[in-house]
1. Please report the net charge: other residues with Cβ closer than 14 Å to the Cβ of A59, K and R +1, D and E -1.
2. Output ³J(HN,Hα) for the range 127-141: one whole-Hz value per residue in order, computed from phi by the Karplus curve 6.51 cos²θ - 1.76 cosθ + 1.60 with θ = phi - 60°, and x for Gly and Pro.
3. So what's the net charge close to L118: Lys and Arg +1, Asp and Glu -1, counting the other residues with Cβ under 12 Å from its Cβ?
4. Please report how far the C-alpha centroid of the range 123-154 lies from that of the range 197-216, rounded to the nearest whole angstrom.
5. Excluding H28 itself, calculate the net charge of residues whose Cβ lies under 15 Å from the Cβ of H28, where each Lys or Arg counts +1 and each Asp or Glu counts -1.
6. Just order 49-61, 147-159 by mean Cβ neighbour count inside 10 Å, highest at the front, would you?
7. Using only the Cα atoms, work out Rg/Rh for the range 128-217, with Rh taken as the Kirkwood radius, to two decimals.
8. With r defined as the distance between the Cβ atoms of V8 and H35 and R0 fixed at 41 Å, what FRET efficiency is calculated, to the nearest 0.05?
Amino acid sequence: MSIPAPTVTRTPLVGIRKAIAQRMAQSHAQIPGVHVVEECDVSRVDMRLLLAHACRAVARLAADHPVFNAHVVDDEILAYDEVAVGFAVDTPRGLVVPVLRDPLAHSAEELTAQVADLAERARAGRLAARDISGATVTVTSPGKSGGVLATPLINPPQTAIIGVHRATDRVVAVSGGVAVRRMLNLTVTFDHRVIDGAEAGRYARELRALLEQEPAA
């Protein structure tokens with residue numbers, strides 16, 4: 001008895017999906033991305049403001065850690081004075097990264113409104129070129145999609161991507177005993193060609209400290 005051949009569905013790799021494939025392959029092949037993971041207590045953080053709070057924290061650290069707000073182009077490190085934070089949005093056409101410009105000029109509430117507007121327009125395919133260009137660093141928050149930890153790839157030519165992962169209640173040690181706290185894993189993925197591990201560790205600790213503070217509404 002002959003075995004029927006399996007049915008195969010062929011989908012061309014085109015458009016946004018092809019662009020994503022090319023950039024991720026470039027990142028994996030060319031950038032030695034290394035990950036630092038910190039546990040972060042966000043019990044004092046309004047979860048609605050978490051992504052905006054993270055973008056503001058990244059912007060606050062740019063002055064002290066300029067290499068995390070930079071691009072690598074050929075044999076040069078281009079460090080930027082202004083901060084433009086890309087954030088990942090899952091859309092029916094693939095991953096899109098709109099840009100929040102100068103996060104410190106806006107409150108966490110204002111940035112959250114900007115995030116909602118950009119994400120809605122991204123899913124509807126209504127973003128302008130300016131909305132998705134010029135990011136100096138990227139923040140990704142994949143927790144809602146599943147997983148308490150991920151190791152994202154850097155978006156070239158950027159030097160880092162910050163991962164803010166799903167918050168869960170955990171039992172943790174505190175002074176004099178234990179307590180249930182809302183914890184998440186914070187990842188800092190950095191380009192080891194231009195950033196050393198010691199600086200990445202300091203950056204991750206400082207970022208954790210900022211995230212654990214109550215955000216400015």
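1. Numbers: positive: R56, R60, R101; negative: D64, D81, E82, D102, E110, E206.
That works out to -3.
2. Using θ = phi - 60°, the values come out as 7, 7, 4, 5, 5, 10, 10, x, 5, 9, 7, 10, 10, 10, 10 Hz.
3. Counting the neighbours of L118, the net charge comes to +2.
4. 20
5. Taking every Cβ under 15 Å from that of H28, the sum is +1.
6. On the way: 49-61: 23.9, 147-159: 17.9.
Sorting 49-61, 147-159 by mean packing, highest first, produces 49-61, 147-159.
7. My calculation of the ratio gives 1.03.
8. About 0.70, to the nearest 0.05.
Throughout, read-outs are computed from the coordinates displayed, never taken from laboratory work. Model, not experiment: these values are computed from the prediction. Cβ sites come from the backbone with ideal geometry, for glycine too, and all protein chains shown count toward neighbours.
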